[in-house]
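What follows is a set of notes on a single structure, which appears directly below.
The values are calculated or read from the model by the stated rules, or taken from the named source; none is laboratory data. In this text the structure is predicted, and so the values were computed from the model without any measurement. Heads up, the Cβs are rebuilt from the backbone with ideal geometry, glycines too, and the neighbour counts pull from every protein chain shown. Just so you know, the surface numbers come from the protein's heavy atoms only, side chains and all, with ligands and any DNA or RNA stripped out. Shrake-Rupley method; radii C 1.70, N 1.55, O 1.52, S 1.80 Å.
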Amino acid sequence: MLARIHSGAVIGVQGLVVRVEVDLARGLPGFSTVGLPEGAVRESKDRVRSAVRNCGYEFPPGRITVNLAPAAVKKEGTGYDLPIALGILAAAGTLECPDLADICVAGELSLDGGVRPVRGILSMVLAAREAGMRRCLVPAANGPEAAVVRDMEILGVERLDEAVEILAGRREATPVRIDIDRMFGRQDIYAVDFAEVRGQEHVKRALEVAAAGGHNILLSGVPGTGKTMMARRLPSILPDLSLDEAIETTRIYSTAGLLPADTPLMVNRPFRSPHHTISDAGLIGGGQVPRPGEVSLAHNGVLFLDELPEFRKHVLEVMRQPLEDGVVSIARAAVSLCFPARFMLVTAMNPCPCGYLGDISRECSCTPVQVQRYRSRISGPLLDRIDLQVEVPAVRVEDLEQAAPGESSAGIRQRVNTARQTQRRRFSPVEGVYCNAQMGSRLIRECCPLDRDCSRMLHQAVDRLGLSARAYTRIIKIARTIADLEGSGPISSPHIAEAIQYRRMRYGAG
């Protein structure tokens, strides 16, 4: 007999519906899997055989052939165990379910028949919904994650025999439900707050501008000035995630196997801070089976690179394309994948190897050659893609003790949210643009007209500071964000003047 059931695969972070066909024929006992199965898929026959027998069912004799279609796509992972087992029982007549082909099933089997969670379940359920299915059978541990998808009936199971009873109609199953609105109500929970930062008001203003427009930012200063402290508090002032953004982010973490067990939907923006010893594959993504890298794990959030010059130069250079395009393209001989990578880049660095160049209290011990070699680790093209470049001066202990507590993150985030809402309304007719940092040349011409005074001021700054054409457009984007924070329609001279200040770092490229 022949039985059909559907499962899912993940290509990059996109889901793909896979049809599992099980043929049970007469002949010598055998079990073969076709359709480009990888090692873990080929090994499923042993897990399936043991699980079926240990659940009290008779494993059918004869030759079993399992086809995973489309056959041209490589199949990897352990999520095909449960659909293969159910297909075998259906082909043998043990399981009678007339609508088996209309159900999407995924899950790994243990030898005793337990159903274990798998990675990428959210992408699979989304693909099943797009294919017209309305019912999914998933591991109980994956149930809340799958239930994020609306208009789908999600059934969570813990054992193979439980799945058989449910599909045969001999056991009632309660669909998994989650309260998405209640989860988004927890967005204000952050472990850190900008109220803890005393002083450095101009740096906090720059971070507010960066958050409001989605701009990249570089913080440069001597050790102990609070660069890392402020960078780690940036997510607490970023605008709230929308449901679509939350699903995008959750899909990436689910695919990478990094989604916390108690977090079916990520409602806070991610913050990633890789060590400077990271490889280019770890930062961008890749591997024999390509996985998302840190730039994709920071999608819709913040990628923080502390001690920027300590990263290997070729590792930093591979970020240039994702910074421009918002995606990472990984090409292999058999497949080409795209991972989303729309993130805010936040970097921190010292002015020199010893860290005390320009410090009023300690003398720098570096030679000019050492300073130049240190700064040359960061290329001009990469620096040119960082919109705001801000110096963070040292703060005396006496000033810290006398300074009043800073403004809370909630107050700053309220202004940032207002500015982002203005930008969403402005860019609503344009697909894929949500903030000022993502504007192209056409949108800059349409949304950022400059009067004569603004143009003259900007041209003088370009000539005096030796700025590139890319820096010129980025200053206009920053000025647009500053105007949005003030609730101003047109860009005026004070907005341009403040934006220029964020490109006047004493050391570094313009």
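Tabulated data for the structure shown
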quantity	calculated
Count of lysine pairs in the chain with Cα separation under 27 Å (8 or more residues apart, or interchain)	6
Spatial separation of Cα centroids for the stretch 352-404 and the stretch 414-459, in angstrom	31
Amide hydrogen neighbours beyond the local backbone of Leu388, cut-off 5 Å, H modeled	Asn216, Ile217, Leu218
Percent of beta bridges antiparallel (DSSP, the chain, rounded to nearest 5)	50
Debye intensity ratio I(q)/I(0), log10, the chain, q values 0.08, 0.09 Å⁻¹ (C-alpha model)	-0.60, -0.72
Summed residue charge, Cβ within 11 Å of Arg426's Cβ, Lys/Arg positive, Asp/Glu negative	+2
Karplus-derived 3J(HN,Hα), 6.51/-1.76/1.60, for each residue of the stretch 230-235, Hz, glycine and proline x	6, 4, 6, 8, 4, x
Expected 222 nm ellipticity per residue - DSSP helices of 4 or more, -39500 (n - 2.57), all of the chain, to 500	-10500 deg cm²/dmol
Average accessible surface area per residue within the chain, 1.4 Å rolling probe, Å²	44
Net charge, Gly56 excluded, C-beta distance under 13 Å - Lys, Arg +1, Asp, Glu -1	-3
Amide hydrogen neighbours beyond the local backbone of Thr33, cut-off 5 Å, H modeled	Val66
R0 of 51 Å, Cβ-Cβ distance Glu363-Ser455: FRET efficiency to nearest 0.05	0.70
DSSP bridge orientation in the stretch 282-425 - percent antiparallel, rounded to nearest 5	65
Loop GluC sites (Glu not before Pro), the stretch 132-213, which have at most 12 other Cβ atoms in a 10 Å radius of their Cβ (DSSP)	Glu172
Portion, in percent, of the accessible area of the stretch 304-440 that falls on carbon or sulfur, probe 1.4 Å	51
Alpha-carbon centroids, the stretch 107-126 and the stretch 18-68: separation in whole Å	17
Environment charge at Asn350 (Cβ cut-off 13 Å; Lys +1, Arg +1, Asp -1, Glu -1)	-1
Relative contact order (%) - the stretch 75-205, alpha-carbon pairs under 8 angstrom, separation at least six	20
Ile189-Thr94 pseudo-label distance in nm [points 7 Å out on the Cα-to-Cβ vector]	4.2
Label-point separation, Glu58 to Glu158 (7 Å along Cα→Cβ), nm	3.0
Within the accessible area of the stretch 241-300 (1.4 Å probe), percent carbon and sulfur	51
